[in-house]
2 protein chains.
Amino acid sequence: MLTETPKAVHLRRVSPFDFLERSALIFGEKTAIVDGETRRTYAQMLERVYRFARALRASGVTPGDRVAVLAKNQSALLEAHYAVPLAGAILCALNTRLVKSEIEYIVGHCGASVVIYDAEFAPLIDDLPAGVERLCIGGDGAVAELAALMAAASNAPLENSVSDEDATLSINYTSGTTGQPKGVMYTHRGAYQNALAEAFHANLRPESVYLWTLPMFHCNGWCYPWAVTAAAATHVCLPKVDPVKIFELIERERVTHFCGAPTVLIALANHPQVQKFARPVHVITAGAPPAPTTIAQMEALGATITQVYGLTETYGPITVCAWQSQWDTLDVAGRAKMKARQGVPMITVGAGDIRVVQTTGDPETLVDVPRDGKTQGEIVMRGNNVMKGYYNDSAATAKAFAGGYFHSGDVAVWHADGYLEIQDRSKDVIISGGENISTIQVEKVVLEHRAVLECAVVAKPDEKWGEVPKAFVTLKPGATASEEEIIAHCRERLPGFKTPKAVEFCDLPKTSTGKIQKFVLREREWRGLEKRVN
Amino acid sequence: MLTETPKAVHLRRVSPFDFLERSALIFGEKTAIVDGETRRTYAQMLERVYRFARALRASGVTPGDRVAVLAKNQSALLEAHYAVPLAGAILCALNTRLVKSEIEYIVGHCGASVVIYDAEFAPLIDDLPAGVERLCIGGDGAVAELAALMAAASNAPLENSVSDEDATLSINYTSGTTGQPKGVMYTHRGAYQNALAEAFHANLRPESVYLWTLPMFHCNGWCYPWAVTAAAATHVCLPKVDPVKIFELIERERVTHFCGAPTVLIALANHPQVQKFARPVHVITAGAPPAPTTIAQMEALGATITQVYGLTETYGPITVCAWQSQWDTLDVAGRAKMKARQGVPMITVGAGDIRVVQTTGDPETLVDVPRDGKTQGEIVMRGNNVMKGYYNDSAATAKAFAGGYFHSGDVAVWHADGYLEIQDRSKDVIISGGENISTIQVEKVVLEHRAVLECAVVAKPDEKWGEVPKAFVTLKPGATASEEEIIAHCRERLPGFKTPKAVEFCDLPKTSTGKIQKFVLREREWRGLEKRVN
């Protein structure tokens, strides 16, 4: 704490760094981080963050600089979420699953002056320009340069020097499925408000224990590095999604919360060593609607599932499928149907800040679709939970915000009760003989087949219909099913034009967060053919 | 919702009005307000607020105008917390227990253009200048002018036109125990952030039911009109603290939360018709530290007590006595000792935003007291949870913010674990023979006597010592105790100079929120004598 009077005016601006200072003051002796055998209290975490920020300054980092971090979920990456902004710099957490050229593009585009990295990723950055300083965290027997700098630095309190809450806190690069990745800018204010909302909706309390199944480099871990700290709950680091390790940590650390895409939940629920949770666990899922089967399986383990929805551009989640008490009496199928909807604005998002609009005509004029649960439109959003813009790309920013709202590219219907339900990504929609087919709807039906573990449906070129649905399927271990059987299963449950015309059995390509990469499958089908323009 | 595109930029500012729009969208059919026999859903509440705002405009209210409301806790006052800002005006909720000249002073000072009032308070405002419009809510058979105007207005959505979140939302007048009352200005941003923090700390959920034991005109009901709505919980109105009615409503409406000064809790716990709560109730208390006896009695009823602390100038609560799991094993006395502390910054308040400082020397230089649990200093605070300033009183504002922090006038120690504990209001401290005596400490000891219901200790003039402690005591119904007995009880437990030299048995004067008015007792003791300057 300060012993002299700070110069700040009495009405102060906000920064997520505030949360760490407060939790260290109040819950200083409480466990903040569990990372393998390492356990650190909030007081220790804050002290390390002071050292870390000074280490960055000693490495030449000045306010406004970009600092990239290339590491799986570990304490250094978590602490960077505080130390980098405390040094006045901007955090750029890199996706560890990118290839070398992508890492080089991003480091170059954001103009990072320092890259902090785990030794296992050293080959990805060995060709960076000489001007980019590299700072090794350690690992693989490498010298822990960051730790050495931190040890040499003072642990005395350091004041957060960022006085403008709309200043950029971090840059998160989109996965760039079309064109080059874009740098999404988060602000101190936006991350602070989103963290408060996450803490409220997930009901994070000081007693909560949060397991890091979601990569922190993905949308800054949906702002949970700040939300969990705000609540003074415990972070349990996990470098990768390993079901055995997850079950072990849930049991040993008394985990109460974790986040993950439905594929992560499928992997857990269908694992041979699956075990029921000893205590209730709140699971927050996003990336795709969880299938009824997945919800039922996870509930049987002792989990409560809440779906949230958002994009990199919305700090991760911006809607939550808030539960209504009148749904308590529904059966499993009925409840699953409700939980499959993407929901409503989070508590810090205004009712008018998320809309479903017609995307045709003048992009500056947005017209709400009727709330009939049928008419499709594009989800658009604005407000504190939406990015400031794309870094160094004003053209893309202007295009994304046509009409004053961010255009998500997600096609949805708006139910009469105000809940959004995504039909598809606009680029995933299959147009067959002039009819739109939601790939999500077809996938749900395929997933109901007893032998199916995972599924992705994409457009396959067809001479007569233009496009027809094709299903890529992974079967459950030991289960069998033929193409004809899957198609017959669908024909009983879907109109003819929505029934897959082909089924291929294979492993599905996925992003680092476990999201299935449909564009990879689609591109394979369309190779050599002219691609549809969406 | 809007069907045309609003003009707002995509990064929007916040207002507590946002909470009502969101809850009406998501929980439109949920009960928002219970007021006697009236029950209204969130959709109905929002619709009424649209009509109410239009009714104000029809009455000539223009943006920036001040609108005063003179009513006990009832739906019109709750709805005014949304309708007045929606009309672009500033809410001034008047204390219904003030005398006519005080009401006239406040209405004149804030320059209210309209006074909305319940007929029972008509005599308080019948001499206002002709330029001040009066609008009767009804009651006592009077014409419900407000309802008539609302019925004539459209219920179509109205957009919140306040674009500056630092604009004044409301003005709350201090009780003015010294000099004239001052108008404390709350901002849209400050109230929004405080409401989020209250919702987090009280753990308000959509299932929660909040009973209005605290007057809404007191610091805008600690921002709970906005916090309860943000969580989409239910408001249960209560016009005055009536223990029988409170027990009845807790049972009938399945109340989960209420707020009140310790005197309210004492009145409940000692009432002849006291009954155990059928479900857990979270009670938030402030105004004075709850005595161990009070905590034990309330816990026996099934309540969990959390102490919070703040002033009119801090939107009500700014600290919370956050519970530490290591205190779970303490006995009742040990837990009561912890709960008697005022605590730590709320989640939206920074660690450095509340300090205990030496008040001597240059008022611009604030020096923290050591965190030793012994050294006394003044609590000072800054940030979003602190008022913008006093309305039309820049001199008082500048004085209050000497050194960049608001000076509370409360004397406290800072414990090693970061928790604040108030020793006394600076003007309540007794200086006896050069030694400071905390009146709170003496009161705690008097309250331990089996016959004592309530107690206030103040300075009594003394020729030899300057001042000595005198105790004013209310005995429990049917209990007896003599002055000598009370003094002997204290002498066994306190140093001689802290032991009251006189005891008087009487009813204690209280504010509208149940806070004991020590200055009334002190003034009686000092009548005709030169008053000490603090």
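A short reminder: the numbers here are calculations on the coordinates, not readings from a lab. Keep in mind that what you see is a predicted model, and the values were worked out from it rather than measured. Heads up, the Cβs are rebuilt from the backbone with ideal geometry, glycines too, and the neighbour counts pull from every protein chain shown.
Over the range A:434-526, calculate the relative contact order: mean separation of alpha carbon pairs under 8 Å at least 6 apart, over the residue count, as a percent.
Answer for the range A:434-526 is 29 percent.
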- Message: Of A:TYR117, B:HIS449, B:LEU94, which is farthest towards the positive pole of the protein assembly as shown's charge dipole, taken about the Cα centre with +1 and -1 on the beta-carbons of Lys, Arg and Asp, Glu respectively?
- Response: B:HIS449
- Task: For a footprinting-style exposure proxy, rank A:MET216, B:MET387 by other Cβ within 10 Å, fewest first.
- Result: A:MET216, B:MET387
- Query: Across the range B:430-526, how large is the tail of the calculated P(r) beyond 24 Å, expressed as a percent of all Cα pairs?
  - Reply: 16
- Message: Can you compute 3J(HN,Hα) from phi for each residue in the range B:313-330, using the Karplus curve 6.51 cos²θ - 1.76 cosθ + 1.60 with θ = phi - 60°, rounded to whole Hz and x for Gly and Pro?
- Response: 6, 10, 6, x, x, 10, 10, 9, 7, 4, 7, 10, 4, 5, 8, 4, 8, 5
- Query: Using the Cα gyration tensor of the range B:265-398, with a ≥ b ≥ c the square roots of its eigenvalues, what is the shape: rounded (a/c below 1.5), prolate (a/b larger than b/c) or oblate (neither)?
  - Reply: prolate
- Counting trypsin sites (Lys or Arg not before Pro) as exposed when in a DSSP loop with at most 13 other beta carbons within 10 Å, what is the longest stretch of chain B free of them? B:8-239
- Using modelled backbone amide H atoms (1.01 Å from N, in-plane), which distant-in-sequence or interchain residues come within less than 5 Å of A:PHE406's amide H? A:MET381, A:ARG382
- Rough spin-label spacing in nm, given labels placed 7 Å along Cα→Cβ, for A:GLU484 and B:GLU251: 7.1
- Nearest 0.05, what FRET efficiency do B:THR62 and A:VAL520 give at R0 = 60 Å with Cβ-Cβ as r? 0.50
- B:ASP166 paired with A:GLU448, simple spin-label distance in nm, labels 7 Å along Cα-to-beta-carbon: 5.7
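Tell me, what is the FRET efficiency for B:TRP323 and B:TYR105 to the nearest 0.05, using R0 = 51 angstrom and their Cβ-Cβ distance as r? Don't skip to the answer; put the middle values down first.
Values: r = 42 Å, r/R0 = 0.82.
That gives a FRET efficiency of 0.75.
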- Query: Rounded to the nearest 0.05, what FRET efficiency do A:GLN275 and A:ALA151 have when you use their Cβ-Cβ distance and R0 = 51 Å?
  - Reply: 0.80
- By the gyration tensor of its Cα atoms, with a ≥ b ≥ c the square roots of the eigenvalues, what is the shape of the range B:22-77: rounded for a/c under 1.5, prolate for a/b over b/c, or oblate? oblate
- Query: Each residue of the range A:112-126 in turn: what ³J(HN,Hα) in whole Hz from Karplus with 6.51, -1.76, 1.60 and θ = phi - 60°, glycine and Pro shown as x?
  - Reply: 4, 8, 9, 10, 9, 8, 7, 3, 5, 9, 3, x, 6, 10, 7
- Item | Local electrostatic count, A:PRO272, Cβ distance below 14 Å [Lys/Arg +1, Asp/Glu -1] | 0
- Note on the structure: In whole Hz, the Karplus estimates of ³J(HN,Hα) for the range B:59-76 (6.51, -1.76, 1.60; θ = phi - 60°; x where Gly or Pro) are 7, x, 5, 10, x, x, 5, 9, 10, 8, 10, 10, 7, 6, 4, 7, 4, 4
- Working from Cα positions, state the angle (0 to 90°, nearest 10) between the long axis of helix A:483-493 and the longest principal axis of chain A. 80
- Task: Rounded to the nearest 500, what is the 222 nm mean residue ellipticity of chain A from helices alone, with -39500 (n - 2.57) per DSSP H run of 4+ residues and division by all residues?
- Result: -8500 deg cm²/dmol
- Query: Helix B:17-26: angle to the longest alpha-carbon principal axis of chain B, degrees 0 to 90, nearest 10?
  - Reply: 70
- Query: Taking a label point 7 Å from Cα toward Cβ, how far is A:GLN358 from its twins in the other copies, in nm, shortest first?
  - Reply: 7.2
- Task: Using Cα pairs closer than 8 Å and at least 6 residues apart in sequence, work out the relative contact order for chain B, in percent.
- Result: 10
- In whole angstrom, note down how far apart the Cα centers of the range A:187-232 and the range B:160-191 are. 32
- Item | Order of A:LEU249, A:LEU86, A:LEU149 - criterion: other Cβ atoms within 10 Å of each residue's Cβ, fewest first | A:LEU149, A:LEU249, A:LEU86
- All lysines inside 29 Å of B:LYS276 as judged from Cα atoms, apart from same-chain residues fewer than 8 positions distant: B:LYS30, B:LYS72, B:LYS240, B:LYS245, B:LYS337, B:LYS339, B:LYS444, B:LYS476, B:LYS510, B:LYS515
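Mind running the shape call on the range B:142-266? Use the C-alpha gyration tensor, a ≥ b ≥ c as the square roots of the eigenvalues: rounded below 1.5 for a/c, prolate if a/b tops b/c, oblate otherwise.
Working: a/c = 1.34, a/b = 1.17, b/c = 1.14.
Since a/c stays below 1.5, the shape of the range B:142-266 is classed as rounded.
Report the gain in length on full extension from B:ALA144 to B:ASP242: 0.36 nm times residue separation, minus Cα-Cα distance, nm rounded to one decimal.
Taking B:ALA144 through B:ASP242 to full extension adds about 32.7 nm, to one decimal.
Treat chain A as a sphere of radius equal to its Kirkwood radius over Cα pairs and apply Stokes-Einstein at 25 °C in a medium of 0.890 mPa s; give the translational diffusion coefficient in µm²/s, rounded to a whole number.
The calculation lands on 101 µm²/s.
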- Query: Gap in Å between the Cα centre of the range A:324-401 and the Cα centre of the range A:246-264?
  - Reply: 28
- Note on the structure: Kirkwood-based Rg/Rh on the Cα set of the range B:17-240 evaluates to 0.93
- Query: Per residue, how much space in cubic angstrom lies within the convex hull of the C-alpha atoms of the range A:213-273?
  - Reply: 81
- Message: Defining the label point at 7 Å along Cα→Cβ, can you sort the distances from A:GLY111 to the same site in each other copy, shortest first, in nm?
- Response: 4.8
- Whole-Å semi-axes of the protein assembly as shown's equivalent ellipsoid, largest first, each the root of 5 times a Cα gyration tensor eigenvalue? 54, 34, 27
- Considering the zone a paramagnetic label at B:THR375 would reach in this model (a point 7 Å from Cα along the Cα-to-Cβ line), which residues of the range B:294-315 have amide N under 14 Å from it? none
- Query: Expressed as a whole number of Å, what is the distance separating the alpha-carbon centroids of the range A:40-76 and the range A:420-457?
  - Reply: 43
- Item | Acute angle (nearest 10 degrees) that the helix A:292-301 long axis makes with the longest principal axis of chain A, alpha-carbon atoms | 50
- Message: Taking the number of other C-beta atoms within 10 Å as the exposure measure, put A:VAL61, A:VAL349, B:VAL520 in order starting with the fewest.
- Response: B:VAL520, A:VAL61, A:VAL349
- Task: Would you mind listing the distances between the B:ALA58 label point and the same position in each other copy? Use 7 Å along Cα-to-C-beta, nm, one decimal, shortest first.
- Result: 7.1
- Message: Out of all DSSP beta bridges in the protein assembly as shown, what portion is antiparallel? Express it as a percent rounded to 5.
- Response: 60
